[in-house]
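First the structure, in the form of structure tokens, and then the observations on it.
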Amino acid sequence: MPDANRYMPAATGTRWPSGFTQTYAAGLNYQCSKLFFGSPDYPTNDFLIPFVGFGCTEGNLAPQETILPNGDILIDEVFFIHPNGTEYPVLFGGNAATTVTLSTGIVYGQVTLSSDLPAWSVFGIRTVWHGTVGQTYIGGYRCQRHRGEKYWAATDLASIRALALANGASTPDRDTFYNTVGNASNSQPLAYGPALVLAKGWDGRPVPMILADSLVERQEIAASATDRRVMGTTLRWLDERDPIWGSYIPLVMGVPGSKSKQELATSATKRWAFIDAVKTTYNGGKDIWTCVLDQSGRNDNNATAATWVGDKFGLVDRVKTRYGAGIHVIGMTLWPTMTSTDNARTAAAYTVSTLWNGVSGTLKAVNDLITASSRYAQVMDVFPAFVTDADPTKAPASDLFPLGNVIGHPGNQDGVTTWDTMKLPSATPVGAVVTFEYQPGLWTTRTLIDRADNGDGTADYKVAEVFATDVQDNATLLGKAMNLDSGTGTTTHVHPLLHTVLRTFSRMPQSWKSKLYPS
């Protein structure tokens, strides 16, 4: 039932801090992030905006909450940016500034707008924080240039305020390796910001808590986000403004690399204690979610199907123990992983091991157990939406996404001078990775991070990878389907890229949203 006084998730694109710590450099220890989020499809007015002092690991130990700053995070001020440009101060117990204690700290900012934020708005949160030079901090957000997001750093509060007022480009030190995920030295810097944005005004639509890993979002990074900061197949599906079923803002509990057996277990309880504290302190005993969507399990893979699925089911059991056996849980089947001898360019070059074979192998047994489990009130069988009709053991390859040809050639074709712009058909989406036949029989890839339309069916695209590749005229162009997974070798493909994300999302019926409602 609707409850206008119950705080519920009210922002698309929020993220738990995770990945790695960063060090405050001299002259750059005052920092400011300007981030934009999408609001629910109902009006909101009273916002609760928490910040935390811990981060999760990504990869093998995820989601253990052991990536910690070595000093408190000192928040100087936070502002809520209305779509009309008005900025409202977010206060912490009536104060503009607060301290987020390292490891254990959680602070709650609050702001009430002078009138309702309209449904389906895009609003901003500007956060200013600082620390001591040489100390570390943890962030969660990679700024998205095409959405006007910014990340500034300066030597003092007055200087950082001046940068925010001018609203110029991000500070160069905080704007490197755009749209790239790596470690502290080779990844787009992580900006600090709210762990969640909650608001009153809930109209009763489902709010799924997603037990998640990287396949919820990490297949996208920054440049491909929607206007509402939405990335990934499942989140795009939830945010679709369907005329019958509407759109839903979830509570995403996982991070890239999360394993079911490590979630809500040793060193992975702080996020859960936090959402339960909101329930107790602000919601009168009511949760900030209404159902559970279990996407987890990919990283628990095991040669024995019972062991593999047992880890996934174990997490569901722990959630039910915590919140009650009667909670509404929806299962999701899992996707395959492939290896390829041509960087996933053609389906013929894919190999699917017995472990990942969803038609006759271990993955098939796992998915059968998921669909049959009484732990789930409903199941979303996303496996067929992901794989190809021609060979349902495999994901799409790039040859499923022909985009035409590179227009002319980028660079000056000397193989020495680097280039960072290429002319392509203007229908090619920003944020996509494309592959093209730069010389007969030879293929390479580029990531498209910005574009300038030429008005003639072509656009000039800025690319992330700056090399001197000698490209033949009018090279065949494909949308790259799958990413190489750096953690498992040079031929393994785990994460779908944008074209496969959009294809999969489009094949997930919006009517599945009915499964989020208890029967």
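The values are calculated or read from the model by the stated rules, or taken from the named source; none is laboratory data. From a predicted model like this one, the values you see are computed outputs, not experimental measurements. Cβ sites come from the backbone with ideal geometry, for glycine too, and all protein chains shown count toward neighbours. Heavy atoms of the whole protein, side chains included, go into the accessibility calculation; ligands, DNA and RNA do not. Shrake-Rupley method; radii C 1.70, N 1.55, O 1.52, S 1.80 Å.
What are the residues in the stretch 348-385 that are under 21 Å from Thr445 (Cβ atoms) and buried (at least 21 other Cβ atoms within 10 Å of the Cβ), if any? The answer is Tyr350, and nothing else.
The number of residues in the stretch 395-435 that are under 26 Å from the mean Cα position of the chain (by Cα), over 23 Å from Asp342 (Cα atoms) and of a type in the set (S, T, N, Q) comes to 1.
For the stretch 463-493, the set of residues classified as over 30 Å from Gly246 (Cα atoms), within 20 Å of the chain's Cα centre (by Cα) and aliphatic (A, V, I, L, M) consists of Ala464, Leu484, listed by residue number.
For the stretch 172-181, the condition holds for no residue, the condition being that it is open to solvent by 10 Å² or more (accessible area, probe 1.4 Å), under 26 Å from Leu48 (Cα atoms) and of a type in the set (Lys, Arg).
Screening the candidates Pro69, Pro40 for the property of being part of a loop (DSSP other than H, G, I, E, B), closer than 19 Å to Ser187 by Cβ, open to solvent by less than 30 Å² (accessible area, probe 1.4 Å) and of a type outside the set (Phe, Trp, Tyr) yields one hit, Pro69. Annotation note: of Thr23, Thr101, the sole residue that is surrounded by fewer than 18 Cβ atoms within 10 Å (Cβ to Cβ), within 26 Å of Asp173 (Cβ to Cβ) and modelled with pLDDT of 95 or more is Thr23.
Among the residues of the stretch 54-110, those that are within 21 Å of the chain's Cα centre (by Cα) and of a type in the set (D, E, K, R) comprise Glu58, Glu65. Against the definition (within 23 Å of Ala223 (Cα to Cα) and open to solvent by 50 Å² or more (accessible area, probe 1.4 Å)), how does Glu58 come out, yes or no? Criteria met by Glu58. For the stretch 152-192, a residue qualifies if it is assigned to a helix (DSSP H, G or I) and either basic (Lys, Arg) or more than 22 Å from Thr14 (Cβ to Cβ) (or both), and the qualifying residues are Leu157, Ala158, Ser159, Ile160, Arg161, Ala162, Leu163, Leu165, Ala166, Pro172, Asp173, Arg174. Scanning the stretch 1-13 for residues that are surrounded by fewer than 24 Cβ atoms within 10 Å (Cβ to Cβ) and among the polar types (S, T, N, Q) gives a single hit, Asn5.
Considering only residues that are surrounded by 17 or more Cβ atoms within 10 Å (Cβ to Cβ) and not aromatic (Phe, Trp, Tyr), which ones fall in the stretch 123-134? Once the filter is applied, which keeps residues that are surrounded by 17 or more Cβ atoms within 10 Å (Cβ to Cβ) and not aromatic (Phe, Trp, Tyr), the stretch 123-134 yields Gly124, Ile125, Arg126, Thr127, Val128, His130, Gly131. Of the residues making up the stretch 282-302, those that are in contact with a strand residue (DSSP E or B) (Cβ under 8 Å, 6 or more places away or on another chain), part of a loop (DSSP other than H, G, I, E, B) and under 29 Å from Thr337 (Cβ atoms) are Gln295, Ser296.
Does the stretch 75-96 hold any residues that are outside any strand (DSSP E or B) and open to solvent by 40 Å² or more (accessible area, probe 1.4 Å), and which are they?
Once the filter is applied, which keeps residues that are outside any strand (DSSP E or B) and open to solvent by 40 Å² or more (accessible area, probe 1.4 Å), the stretch 75-96 yields Pro83, Asn84, Gly85, Thr86, Gly93, Gly94, Ala96.
For beta carbons closer than 6 Å, sequence separation of 6+ or different chains, a first residue in the stretch 302-331 that is more than 9 Å from Val292 (Cβ to Cβ) and a second that is modelled with pLDDT under 95 and open to solvent by 30 Å² or more (accessible area, probe 1.4 Å), there are no qualifying pairs.
Within the span defined as the stretch 391-405, one or more residues are touching a residue at least 40 places away in the same chain (Cβ under 8 Å), of a type in the set (Asp, Glu), part of a loop (DSSP other than H, G, I, E, B) and open to solvent by 40 Å² or more (accessible area, probe 1.4 Å). Take the conditions open to solvent by 20 Å² or more (accessible area, probe 1.4 Å) and of a type outside the set (A, V, I, L, M, F, W, C) and apply them to Pro336. Does it pass? For Pro336, the condition - open to solvent by 20 Å² or more (accessible area, probe 1.4 Å) and of a type outside the set (A, V, I, L, M, F, W, C) - is not met.
Just so you know, in the stretch 261-281 the residues that are open to solvent by less than 50 Å² (accessible area, probe 1.4 Å), touching a strand residue (DSSP E or B) at 6+ places or on another chain (Cβ under 9 Å) and in a helix (DSSP H, G or I) include one that is farthest from Ser103 (Cα to Cα), and it is Val278. Taking the criterion of being polar (S, T, N, Q) and farther than 23 Å from Trp512 by Cα, the residues of the stretch 311-360 that qualify are Thr321, Thr337, Thr339, Ser340, Thr341, Asn343, Thr346, Thr351, Ser353, Thr354, Asn357, Ser360. Note on the stretch 315-386: enclosed strands (runs of 3 or more DSSP E) holding 2 or more residues that are under 24 Å from Thr491 (Cα atoms) are 338-340.
Can you name every residue in the stretch 412-435 that is in contact with a Ser or Thr (Cβ under 6 Å, 6 or more places away or on another chain) and not hydroxyl-bearing (Ser, Thr, Tyr)? Of everything in the stretch 412-435, those that are in contact with a Ser or Thr (Cβ under 6 Å, 6 or more places away or on another chain) and not hydroxyl-bearing (Ser, Thr, Tyr) turn out to be Lys423, Gly431, Val433.
Under the condition of being among the polar types (S, T, N, Q), open to solvent by 30 Å² or more (accessible area, probe 1.4 Å) and touching a residue at least 24 places away in the same chain (Cβ under 8 Å), the residues counted in the stretch 182-201 number 1. Residue count for the stretch 42-87, restricted to those that are over 26 Å from Ser214 (Cα atoms) and not aromatic (Phe, Trp, Tyr): 21.
Here is the figure for the stretch 433-484: residues that are open to solvent by less than 50 Å² (accessible area, probe 1.4 Å), closer than 24 Å to Phe386 by Cβ and either among the hydrophobic types (A, V, I, L, M, F, W, C) or touching a Cys at 6+ places or on another chain (Cβ under 9 Å) (or both) total 7. Looking at the stretch 239-260 only, could you name the residues that are among the charged types (D, E, K, R) and either part of a loop (DSSP other than H, G, I, E, B) or surrounded by fewer than 18 Cβ atoms within 10 Å (Cβ to Cβ) (or both)? Matches in the stretch 239-260: Glu240, Arg241, Asp242, Lys259.
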